[in-house]
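Heads up, the thing below is written out as structure tokens.
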Amino acid sequence: MARRSMREEILESGVQLFLERGFNAAAVKDITDRAGVPKGSFYNHFESKEALAEVALERYGETRRMGDLADRSVPPVERMRRHFEFLRDELPEFTKGCMYGNFGAEVVDHSEPLRKRVKDSWEHWADLLTQVIAQGQADGTIRASLDPRQTAYYLTSAWEGTLLRARADKSAEAFEIFFAVTFDALLA
């Protein structure tokens, strides 16, 4: 079997380490060591750790199954529930969190390119949720009194807070509350 490209090895290692340690605690040497490549080769593929982080955020977004939110063959509320269940189930033993939220807390005040990438990622997520909410309102399964855009923003913010609380508590209780409030009270 052919080895994946060195760039892909570095990128995958970067995604993993950024999730595990955060941006600042993931040194280039740590990333290249995990990738099994010489440190010097990093700069043949990425201009800087910040440049790697921009691509890592994009790659991370591709793994969040955002496209599932656009699947009109699944009823809107069920689509959103499945989406958040997938995100919940991706959190191993209440560690790591969401790269958008982690970077949002750690680096957006210090890096304009990463701030913009995080903002764009959240905007894309909110756009998809806005569409699903509007579809649910059109079919009568989501309260018509809600503003779809504001509700989408609220859900992304509530989700990020839920991840932080679950990690701090090392407990699923925050997820249980998120699902109960979101699907049994807010959207119903």
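The values are calculated or read from the model by the stated rules, or taken from the named source; none is laboratory data. These numbers were taken from a predicted model, which means no experiment stands behind them. All Cβ positions, glycine included, derive from the backbone under ideal geometry; neighbour counts span all protein chains shown. To get the accessible areas, we keep the full protein, side chains included, count just its heavy atoms, and leave off ligands, DNA and RNA. Shrake-Rupley method; radii C 1.70, N 1.55, O 1.52, S 1.80 Å.
Run the dipole for segment 91-188 about the Cα centre, Lys and Arg Cβ at +1, Asp and Glu Cβ at -1, nothing else charged, and hand back the magnitude in debye, nearest 20.
It works out to roughly 160 debye.
Using +1 on the beta carbon of Lys and Arg, -1 on that of Asp and Glu, and nothing else charged, what's the dipole of segment 30-180 about the Cα centre, debye to 20?
100
Count the lysine pairs in the chain whose Cα atoms sit under 27 Å apart, keeping only pairs 8 or more residues apart in sequence or on different chains.
12
What is the extension gain from Glu12 to Tyr43, computed as 0.36 nm multiplied by their sequence separation minus the C-alpha to C-alpha distance, in nm to one decimal?
9.6 nm
How many Å² of accessible area per residue for the chain, probe 1.4 Å?
52
In whole Hz, with x marking every Gly and Pro, tabulate ³J(HN,Hα) for segment 140-150 from phi via Karplus 6.51 cos²θ - 1.76 cosθ + 1.60, θ = phi - 60°.
x, 9, 10, 3, 6, 6, 7, 7, x, 5, 4
What spacing in nm lies between the two simple spin-label points modelled at Glu93 and His124, each 7 Å away from Cα in the Cβ direction?
The answer from the label model is 3.1 nm.
With a 10 Å radius around each residue's Cβ, average the other Cβ atoms per peptide and rank 153-161, 44-52, 95-103, highest first.
95-103, 153-161, 44-52
Just check segment 75-173 against the gyration tensor rule for me: Cα atoms, a ≥ b ≥ c as the square roots of the eigenvalues, rounded for a/c under 1.5, and otherwise prolate or oblate depending on whether a/b exceeds b/c.
oblate
Considering just Cα atoms, how many Å³ per residue does the convex hull of the chain enclose?
125
Only helical DSSP H runs with n ≥ 4 go in: add -39500 (n - 2.57) per run for the chain, normalise by residue count and round the 222 nm mean residue ellipticity to 500 deg cm²/dmol.
When only DSSP H runs of four or more count, the value is -21000 deg cm²/dmol.
Seen from all sides and averaged, what is the projected area of the convex hull of the Cα atoms in segment 106-164, in nm²?
For segment 106-164, the mean projected area of the Cα convex hull comes to 4.5 nm².
Tell me the carbon and sulfur percent of the accessible area for segment 1-110, rounded to whole percent, probe radius 1.4 Å.
Looking at segment 1-110 in its full context, I get 47 percent from C and S.
Note the full-extension length gain between Ser73 and Ala158 as 0.36 nm times their separation in residues minus their Cα-Cα distance, in nm to one decimal.
Gain on extension, Ser73 to Ala158, equals 28.0 nm.
List, in order, the whole-Hz ³J(HN,Hα) value for each residue of segment 11-19 obtained from phi through the Karplus relation with A = 6.51, B = -1.76, C = 1.60 and θ = phi - 60°; use x for Gly and Pro.
For segment 11-19, the Karplus-derived couplings read 4, 4, 5, x, 4, 4, 6, 4, 5 Hz, x marking Gly and Pro.
Before anything else, pin down the relative contact order of the chain: Cα pairs under 8 Å, at least 6 apart, normalised by residue count, whole percent.
Once normalised by length, the contact order is 21 percent.
Relative contact order of segment 96-178: what whole-number percent is it, with Cα pairs under 8 angstrom and at least 6 residues apart?
25
If you stretched the chain out fully between Gln131 and Ala27, how much longer would it get, using 0.36 nm times the residue separation minus the C-alpha to C-alpha distance?
33.6 nm
If R0 is 30 Å, what FRET efficiency do you get for Lys116 and Arg81 from their C-beta distance, rounded to 0.05?
Between Lys116 and Arg81 the formula returns 0.45.
Which one, Tyr100, Phe179, Ile133, projects farthest toward the positive side of the charge dipole computed for segment 86-188 from Cβ point charges (K/R +1, D/E -1)?
Comparing the listed Cα positions along the dipole, Tyr100 ranks first.
Relative contact order for segment 6-57 using alpha-carbon pairs under 8 Å, separation at least 6, rounded to a whole percent?
Result for segment 6-57 is 47 percent.
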